[in-house]
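See below for the structure under consideration.
The values are calculated or read from the model by the stated rules, or taken from the named source; none is laboratory data. Bear in mind that the values here come from a model prediction, so they are computed numbers and not experimental data. Every residue, glycine as well, gets a Cβ built from its backbone with ideal geometry; the counts of neighbours run over all protein chains shown. The protein model used for the area step is the full one, side chains on, heavy atoms only, and it has no ligands, DNA or RNA in it. Shrake-Rupley method; radii C 1.70, N 1.55, O 1.52, S 1.80 Å.
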Amino acid sequence: MTSDPFARAWVEIRSAAVRRNLRGIRASVSPEVAVIPMVKANAYGLGVAGAVEAMEPEAPMAWGVATVEEGEELRALGISRPVVVFCPVPPGVVARAVEAELTLSISDLAVLERLRAEAEARKRFATIHVEVDTGIGRAGLSWDRARKWGPRVGELTRDGPVRWEGCFTHFHSADVAAEGRRVEVSGEGEERIGVASMQLQAERFRQVMEDLSLPWDGPVLPHLGNSAAALRRPDLVGRAVRPGIFLYGGGAGEGLPDPEPAVAVRARVALVREVAPGTSVGYGATYRARGPERWATLAIGYGDGLPRSLSNRGVVLLHGRRAPMVGRISMDLTVVDITRIPGVRTGDVATLVGEDGAERITVEEMAMEAGTINYEIFTGFSPRLPRVWIPGDDG
Ligand SMILES: *Cc1c(COP(=O)(O)O)cnc(C)c1O
């Protein structure tokens with residue numbers, strides 16, 4: 001690969017936009033609410049070093065990651081703030097979490113026992129946030145058995161090296177429109193998700209805090225919400241929020257305020273050709289020129305994380321105008337029809353997400369065409385695409 005990040009295809013991220021989106025989350029919740037920006041999965045695929053540098057001036061309470069490895073990566077970058085690992089971890093990596101001074105979220109008492117033993121053995125301190133499963137079903141200790149597990153968590157965090165700092169839950173449908181949606185629940189009939197389910201989960205969480213005699217304003221910090229929850233029901237998020245997608249310019253859910261766009265995906269035009277009617281393009285020859293057409297070959301493909309499902313469906317911007325993708329996207333190349341866009345030359349820059357002139361393609365538009373969600377588009381960018389963080393002023 002050439003050392004010029006702008007040679008072929010790249011992702012641009014504007015630092016100041018990320019910072020403003022963080023302030024947008026802050027403005028939505030009460031001023032006392034702490035912020036734990038989620039920088040898991042390499043900051044949603046956008047580059048964790050750039051993300052942390054962009055948000056550090058906002059002095060967040062902690063950074064949120066998914067795995068111990070991601071936490072170690074932050075430490076290797078010289079980051080000293082608390083780092084919370086939000087996914088359950090296999091017991092084998094607990095010792096490494098202690099070494100790297102990572103805060104573990106606890107969904108399993110055996111992991112907490114191991115943490116205490118590893119911390120004692122190393123004469124180190126450790127901190128935990130206990131996850132409560134109020135309906136997400138993928139992680140957390142059950143909300144309706146708190147009287148069983150609560151006392152044991154208390155024992156393991158008293159008079160020892162492990163400190164209990166937080167207690168949290170995660171909403172399953174904070175992104176759903178305010179009026180809610182009826183969903184079929186496997187054989188159980190219908191259930192309404194959205195604000196109603198958020199309220200139910202928040203109520204269950206409150207019940208757990210009460211069952212464990214943990215005061216809401218005590219030393220164990222209660223926190224419940226992601227971006228969508230912070231924007232939709234700031235009254236339900238507790239004393240901290242854990243925003244992710246919105247920071248990076250991804251829409252957080254139906255009917256919620258738009259973030260400032262922060263990400264653009266661009267690719268160079270590698271070739272321009274005039275083709276005769278009937279000329280086929282791409283594997284499987286799924287598209288043929290309908291008349292004399294002009295095509296541009298872009299230096300980006302599914303090997304860069306451009307979803308192959310955009311084949312014959314997606315669009316790009318060239319010279320501020322929309323050009324449809326034709327034929328199947330291949331690993332390294334994508335062809336677009338530029339018959340109606342005069343003057344396109346080799347080396348011009350096409351925009352796959354972001355702004356060009358008066359036109360814009362949102363990540364949500366791309367995700368919709370690709371049959372997925374904005375999160376998967378961001379995290380799907382492959383290592384081949386350079387991530388270029390663009391500094392900018394905070395006006
Ligand atoms: C990923 C994650 C978040 C962030 O969610 P967004 O929808 O991206 O704001 C918050 N909390 C937990 C536990 C997560 O895993």
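As a check on your grasp of the helix formula, calculate [θ] at 222 nm for the chain: sum -39500 (n - 2.57) over DSSP H runs of n ≥ 4, divide by the residue count, round to the nearest 500.
That comes out to -7500 deg cm²/dmol.
DSSP assigns beta bridges within the chain; of those with both partners inside it, close to 55 percent run antiparallel. Between residue 322 and residue 53, the contour length at 0.36 nm per residue exceeds the Cα-Cα span by 93.4 nm. Normalised by residue number, the volume inside the convex hull of the Cα atoms of the range 172-272 is 177 Å³ per residue. Restricting the range 96-128 to GluC sites (Glu not before Pro) that sit in a DSSP loop and have at most 15 other Cβ atoms within 10 Å of their own Cβ leaves 101.
If you place +1 on the Cβ of every Lys and Arg, -1 on the Cβ of every Asp and Glu, and leave all else neutral, what size is the dipole of the range 227-344 about its Cα centre, to the nearest 20 Debye? Each step should come with its number before you reach the end.
On the way: 16 positive and 9 negative charges, 30 e Å.
So the magnitude is around 140 debye.
Note on residue 288 and residue 211: their simple-model spin labels are 6.6 nm apart, each label 7 Å out from Cα toward Cβ.
Helix 146-156 and the long axis of the chain differ in direction by around 80°, with both axes built from C-alpha atoms. For the range 98-244, the solvent-accessible area works out to 46 Å² per residue, with a probe of 1.4 Å and every protein chain left in place.
Taking all protein chains together and a 1.4 Å probe, the residues 172, 223 rank 172, 223 from largest to smallest accessible area. Ranking 167, 87 by solvent-accessible area of protein heavy atoms (1.4 Å probe, all protein chains present), from largest to smallest, gives 87, 167.
Express the carbon and sulfur contribution to the solvent-accessible surface of the range 1-87 as a percent, rounded to the nearest whole number, probe 1.4 angstrom. List each step's numbers first, then the result.
Values: 1910 of 3390 Å².
Here it works out to 56 percent.
For the set 186, 28, the ranking by accessible area, highest first and with no ligand, DNA or RNA atoms included, is 186, 28 under a 1.4 Å probe. Counting heavy atoms of the protein chains alone, residue 44 has an accessible area of about 20 Å² for a 1.4 Å probe. From the alpha carbon centroid of the range 130-186 to that of the range 243-311 is 40 Å.
If you keep only loop residues by DSSP, which chymotrypsin sites (Phe, Trp or Tyr not before Pro) in the range 161-220 have at most 11 other Cβ atoms within 10 Å of their Cβ?
Details: sites: 164, 168, 171, 205, 216; in loops: 171, 216.
Hits after loop and neighbour filter: nothing returned.
Per atom type, the range 234-341 shows carbon and sulfur on 51% of its accessible surface, probed at 1.4 Å.
Which log10 I(q)/I(0) values, to two decimals, does the range 282-395 give at q = 0.18, 0.19, 0.23 Å⁻¹ under the Debye formula with one point per Cα? The calculated log intensity ratios at q = 0.18, 0.19, 0.23 Å⁻¹ are -0.96, -1.06, -1.48. Give me the angle, in degrees from 0 to 90, between the Cα long axis of helix 15-28 and the longest principal axis of the Cα atoms of the chain, rounded to the nearest 10. So the inclination is approximately 50 degrees. With just the Cα atoms defining each centre, how far is the range 37-101 from the range 324-395? Give it in Å. What the calculation gives is 28 Å, centre to centre. When the charge dipole of the chain is built from unit charges on Cβ atoms (+1 for Lys and Arg, -1 for Asp and Glu) and taken about the Cα centre, the candidate among 281, 237, 15 whose Cα reaches farthest toward its positive end is 281.
Where nothing but the Cβ of Lys and Arg (+1) and of Asp and Glu (-1) is charged, how large is the charge dipole of the chain around its Cα centre, in debye to the nearest 20? Could the numbers behind the result be given before it?
Working: 47 positive and 51 negative charges, 145 e Å.
Roughly 700 debye for the chain.
Of the GluC sites (Glu not before Pro) in the range 12-87, the ones in a loop by DSSP (not H, G, I, E or B) with at most 11 other beta carbons within 10 Å are 32. Placing pseudo-labels 7 Å out from each Cα toward the beta carbon at residue 382 and residue 280 gives an inter-label distance of 2.4 nm.
How much of the accessible area of the range 163-202, in percent, comes from carbon and sulfur atoms when a 1.4 Å probe is used?
Working: 940 of 2080 Å².
Of the solvent-accessible surface of the range 163-202, carbon and sulfur hold 45 percent.
Take every pair of alpha-carbon atoms less than 8 Å apart whose residues are at least six positions apart; their mean separation over the length of the chain yields a relative contact order of 18 percent.
At a threshold of 8 angstrom on Cα-Cα distance, excluding pairs fewer than six apart, so keeping six or more, what relative contact order does the range 1-97 reach in percent?
For the range 1-97, the relative contact order is 24 percent.
Under 8 Å for C-alpha pairs, at least 6 residues apart: give me the relative contact order for the range 83-164, rounded to a whole percent. Relative contact order for the range 83-164 comes out at 30 percent.
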